[in-house]
Every structure is written in C-alpha cells, then in structure tokens.
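> One structure, as structure tokens, below. Some questions next.
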Amino acid sequence: MSSKRYLNLSRRQVIRGMLATTAFGLTAKLGTGCSPASNGAAAGGGADGLTIGFIYVGPKDDFGWNQAHAEGAAAMSGAFSSVKLIEEASVPETTAVVESMRGMIDIDGANVLFPTSFGYYDPHVLSLAEEYPDVQFFHAGGLYQEGVHPNNVGSYNGYIDEAQYVSGIVAAMTANAGRLGFVAAKPIPSVLRNINSFMLGARSVRPEATTQVVFTGDWAEPIKEAEAVNSMADQGIEVVTCHVDSPKIVMETAERRGIMCTGYHADQLSLAPNGYLTGAEWDWSSFYTKLVTDISEGKSLMDGSIPHMLRGGLREQFCKMSAYGAAVSDEAKAAADAAIAQFMDGSMVIYDGEIKDNNGGVAVAPSESLKQQDVKLEQMNYLVEGVIGSIGS
Amino acid sequence: MATEALGWWGVPLAIAAGTMRGGTPFLFVSLGECLTEKSGKINLGLEGTLLMGAMSAYGVSYLTGSPWFGVLAAGLSGAVLGAIHGWLSQQPRVNDVAVGIAMIIFGSGLAFFLGKPFIQPSATQLPTINLASSGMAPAVQAALQISPLFLLGLAIAPLMQWFFRSTRWGLFIRAVGDSPEAARAMGVSIFKVRMLSIMAGSFLAGIGGAALSLYYPGVWTERISSGQGLMAVALVIFARWNPMACLWASLLFGGAQSLGPALQSVGIREGYYLFNAAPYILTLFIMVVTCSPRRSLVGAPGALGTDSQGRA
C-alpha cells in the first residue's frame, strides 16, 4: 500500500510536461514583452486604443480615498465609450504594485496609468516609468520634482485642505467648548496640511479652539481608529474628523459615542445621521474626465502639453463640501458659506503669516502669504498653534 | 469646559475597556487554537478563518437583519474551513504548518472575494449589555457596554479547562495530542478526534471574527484582522496550552492595543510608534523570558507538530 501512485504518470512524462510548461511560459513572456512598444506608438493616435489602468491601495467601496477615485474612474469611463478601463484594488505599497503596473502595460496594453496611493510613487512608479518611457503615469500626490523625475510622470492632487478649512469653521462653531479631534494616519505633509487647515479654519471663527491629534501609524488600522475615537470621546472631544483611508469606522464610532464628526474623502452622512456636520469630499469625476479628454486629443506629459503638476481646490472642482447636517446652526452655515465664497473668487489665503507652530516657533513668517500652489506647503513639517500632538515619532 | 474631561484617568479606562473590546477576538481564536493544539495539530489558518468569520457574520447579519444568525454563520463557515484543514493536514506526509499557511491564503482570499458587496452597507450590530448605572460619567458608561460574545468567551475558558481535566472526551483529546500510539491502543480514532477538535476550534475562531465585524470595531473591511489570528496562535504558546491562561493573555493583548491611541489623546506626544508596537514587543518579551534551552515548554502536547500519524 505504501507505493500508491495517484496519477499514473511516469517520471519521464512528468519531466516532459514540466519542460513543455516552462517553454510555453517563456514564449508567452517574450511575446507580451514586445507589446508595449507597439502600444506606445499607437498611443499618440487618439482615443482609440486608449487603455487606462487604475490601481487602488484598498477596496473600491470603502467610503474613502479609494471609493472617491473609483467613482471618478467610472464616471470618466462612462464619458468615453472608446476608452478601456482596467482596475486593480487592494494592491499594497510594495513591489506588488510594480507587478500590477507591469501586468497592466504588458498584458492589457495600458498606455495611461493612475497609481492612486501615496506610497506607490517612490521607488515603484519612478523605476517603472524609466522602463516604459511611452506610458504616462499620473500619480495622486504631490511628489513630482521637475528635472529629477522621469518626463512621463505627472502628479495631481486637490487642495482638499480648503474643504477641511471650511469643515473646521463648521466644527468650531458647533462644538460647545471648541474641542476638536483628528484621527490621522501618518505625519506626512499632505496629512499635516489637512490637520493645520482644519485648525486654522476653526481658529478663524473661534481663537481658543484646540485640535487633539492621534496618529494611528498606517492608512487602515480599524481597531486603532476605533480606539482613537473612543479615547478622544473619553477626553471630552466634541467633534472628530480624520485623514485615513476609510473614514467609516471613525464616523460610526463617533456616532455610537454620541459625539459629532465631519467627513473626509466621500459623503458619510448615512453612517452618522445625527452627528455628521459636513465633510471634505473629493470630486475626481470632473478632473478625470477633463484629463482624459486632453489625452485623447493627443496631448501628453512627454511633449509638455499636459503640465506635470495638476492642482486645484474648491474653485477648480477638485473637491467639494458635503451638505450641512441637522446640527449645524444658521450662523455656522453663514460663516462657512462666506469662506467658500472667498475660495471661489480666489481671495482666500489659508497660510497667511504670521502663523505659529505648536512649539511656539514661527511656521509662516509675518511677511509671507503662502498661496495654495506654493511648494513650501507641500513640504509642511509642523503642526500649527492649537493642535495638540507631535509629528516626531 | 462644559464637558467633563477624564484626563489621565482616560488611560487606564481605555485599557480596561480595550481589554474587553479588543480582547474578545483574541480570546475566541486562542481558545480555538488551544483546543486544536491539544489534539496534536497546529492550525495556522485561523487568520483566514477569522476573516472568513468576520465576513460571513457581517454578510448574514446584513442580509437577514439578525446579528445572532451572523454569529452562527461565522461559526459554521469556520467549521467548514476547519474541516478542510483537518482532512488535508492528516493525509500521509502532509505538514500541518504548510497546510495552515495555505489555509490563511485560501480563507482570506475567499473572504475578500465574497465580502466585496458587504464593505459598504451597514449591518445590524450585536446588542451590548450595559453594566453601568445612569449616574456614571459617560466615558465610564461607554466602557461598560459589554458584548455578550465577551461574556460567552469568559464562560468558555473555565469550561474548556474543566473539559480537558475532568471529562472522558477531554482525556481522549489530551491522549491523542500527547501520545497518539497510546490513544490508538485505547481504541480511539485519532483521525476523528483531531478532525472534531480542529472543526470545533475553527468554529470558535469564526465567532472571534464575528466579534470583530459585529461588535468592535463593527465593520467589515479587508484589513479588519490585521494579523490578530496569527498573534492568537503565538498567544496559545505562552499561555501554555491552558484555557484560563489564554483568557488572561487575550485580555492583556486587547489592552495593549488601546495603549497607543489612549496615550496620544491625553497628550503624550512622543513615541506613538513604540506604543503602537506594544503588543508585538510584549509577545517577544514573553517569548524570550519563558524560553529556555534546557527544558521544553511545560504543557506542550507531546505529539504537537510531529508527523505522528497513527496508521488507522
């Protein structure tokens, strides 16, 4: 009984089979390896044969960052019948994303890629962009450096901190004691900018307001996010907001604890019907549709007809506000609407000196007035006065 | 200030609440793993079982509107995964650790695949038992909302201890785990005992998943387990395969999880990455302290991890 043979294959047959499989694999790999050049040549032609790949770091319906992008991608692909949309969700910020992108280019013939997570950029997008100079990479973030990074890489990002500023106004005018909380993933510039703008918005209507920050350490930490909201509720924080991949847990936990919240990424009113005040939402649909219109007209990053840095805020429709919740007073609505109007006519400057950091130093000098496009803001490494927390580890 | 702030008292409160909130999944998974390992097999696949349990609980609760059906579905889906592991890992020359790793990938992959439609909707959550009186501070009231699943786990731990020590069935499991040859001489089917132990253990781990998705944090996302299934396996080792020790260890780990956020919210500004790593540092520390090159671990089932297949 010990020499049971399961499949009745001789050793010779097994070896032959393995050789055949390997040989087939090699030819298949080589065959597809040739395709990007031909696809790249065709890319200049127009919308025909345009294959666009989207890569998300989490699931596409997470009430958050990924959902906002996926909705934008779906709206874009609905607007162009000739564009082929390929998507891959839950791709970690490791070499896994290189394989995903390589697969999209080699196998699906993608000519435009949108890797939508911050950590994809360096080194993954950069290394692949050098390898495939005909493919255009649009990275969601603010990391592009002129002259240093490959010519076929562009970065786009919305000044969603404008919407956070408005959220801060609403939060500070609704909270009795002006104590706000912020659940943040990592102390990187784009997160710090949201925290600071939220705080500056709050202090613009209520100078004694404070914002308690809790960093969870990563983009999706469900239990730590829930613990953070619970701890802040214990400490008497009245309104929480967040910058994590999926705000669902933060909003639901806040609602359960009976405190108020302002949303992020997408509309979360349905998660917290009582406590939801307003929220900062992305508006990627109009941006993606506009960008793909340009690409299908033959414009590209490489010949400079599409700028490498694409930016915009409330006015350029990169982001928008959620509708006001039931708890928001008319007074708060009026203050928020006034701020929105200033953003719309371009007269609002959030980082207008002097602004102190929370260690007593000067973050923005009195003579400075940093407009949203200022690169100094993309390298933010401080928390403004009133924020309780630290960016050191 | 209009609202009552707890200040430093928030830290012990958060840890105490965290032990009950965050410790529940650890408790179920470690009890399940304890039962499995007592019979002489390791099931690393409980990480996948946890995810599958969380997904099925959330999905069923959402579709039927009854969270208790969800808990049952979580247990059953766990038992099915356990049956696969139990059968595979008992084939000749099959290594149970390798099968376990395959089961992690299978369980989590299946859960992600089937769970796609449930990420967005909100499912009915399990009711909580409120132990606080209305006069207490709201923070204390929130901390004292206890899940019935936690109480269930609290009851299962001593019950399992008694089961191993004082019942005939418990003796069979211990015999199969310690000395399969002796068990076979007694006329006990090694295959059946291990199969049932693994299935029952996976049933418990599935319920642990239900605690994640229906109680705390109470959502279904793909990151919900964040390695808790694997940590619970390590937890069984330093709990010395003792169900009551599993209980204390689970509470400790649950509490350690809430340390980082709680300290930040009272204004401890430095070292939050260190505090977030607290459970892992704790694991390492306990492993280092309890390991010795001179003796094997007390309480380890004799046949654990060996390929002691009784030829039936």
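Rule-based calculations on the coordinates, nothing more; no lab input. Bear in mind the structure is a predicted one, so any value in this text is a computation, not a measurement. Here the Cβ is made from the backbone with ideal geometry for all residues, glycine too, and neighbour counts use every protein chain on show.
> Which lysines have a Cα less than 20 Å from the Cα of B:LYS41, not counting those fewer than 8 places away in the same chain?
By straight Cα distance, B:LYS41 reaches B:LYS192.
> Please state the charge dipole magnitude for the protein assembly as shown, taken about the Cα centre, from unit charges on C-beta atoms (+1 on K and R, -1 on D and E), reported in debye and rounded to the nearest 20.
Charge dipole of the protein assembly as shown: 3840 debye, to the nearest 20.
> Counting only DSSP beta bridges with both residues in the protein assembly as shown, tell me the antiparallel percent, nearest 5.
Looking only at bridges with both residues in the protein assembly as shown, the antiparallel portion is about 20 percent.
> Kindly flag which residue pairs out of A:LYS186/A:LYS376; B:LYS38/B:LYS116; A:LYS320/A:LYS371 have an alpha-carbon separation exceeding 24 Å in this structure.
B:LYS38/B:LYS116
> Restricting to Cα pairs below 8 Å that are 6+ residues apart, what does the relative contact order work out to for chain B? Please round to a whole percent.
The value is 37 percent.
> For A:ASP374 and A:ALA334, what does the FRET efficiency come to when R0 = 41 Å and r is the distance between their Cβ atoms, rounded to the nearest 0.05?
My answer for the efficiency is 0.90.
> Relative contact order of chain A: what whole-number percent is it, with Cα pairs under 8 angstrom and at least 6 residues apart?
Result for chain A is 17 percent.
> Which residue, chosen from B:SER197, B:ALA211, B:TYR62, occupies the Cα position most advanced towards the positive end of the dipole of the protein assembly as shown, where the dipole is computed from +1 (Lys, Arg) and -1 (Asp, Glu) charges on Cβ about the Cα centre?
Farthest towards the positive pole: B:SER197.
> Further, regarding this structure: Cut-off is 10 Å between beta-carbons; in what order do B:PHE172, B:PHE69, A:PHE118, A:PHE63 appear when sorted fewest neighbours first?
B:PHE69, B:PHE172, A:PHE118, A:PHE63
> Mind pulling the angle between the C-alpha long axis of helix B:168-178 and the longest principal axis of chain B? Nearest 10 degrees, somewhere in 0 to 90.
For helix B:168-178, the angle is close to 80 degrees.
> Something else about it: Determine the calculated [θ] at 222 nm for the protein assembly as shown from helices alone, applying -39500 (n - 2.57) to every DSSP H run no shorter than 4 residues and normalising by the residue count; nearest 500 deg cm²/dmol.
Helix contribution divided over all residues of the protein assembly as shown: -16500 deg cm²/dmol.
> I need to check one value: relative contact order of segment B:1-145, counting alpha carbon pairs closer than 8 Å and at least 6 residues apart, in percent.
Here the relative contact order equals 27 percent.
> How tilted is helix A:11-33 with respect to the longest principal axis of chain A? Cα atoms for both, answer in degrees (0 to 90, nearest 10).
The answer is roughly 60 degrees.
> A follow-up question, please. With 10 angstrom as the radius, rank A:THR51, A:THR262, B:THR221 by how many other C-beta atoms surround their C-beta, starting from the fewest.
Ordered by Cβ neighbours within 10 Å, fewest first: A:THR51, B:THR221, A:THR262.
> In a Gaussian network model over chain B where Cα atoms closer than 10 Å are linked, find which of B:ALA205, B:ALA14, B:ALA54 has the largest mean-square fluctuation.
So, out of B:ALA205, B:ALA14, B:ALA54, the one fluctuating most is B:ALA14.
> What ranking do A:TYR56, A:TYR382 get, fewest neighbouring Cβ atoms within 10 angstrom at the top?
Least to most surrounded, the residues fall as A:TYR382, A:TYR56.
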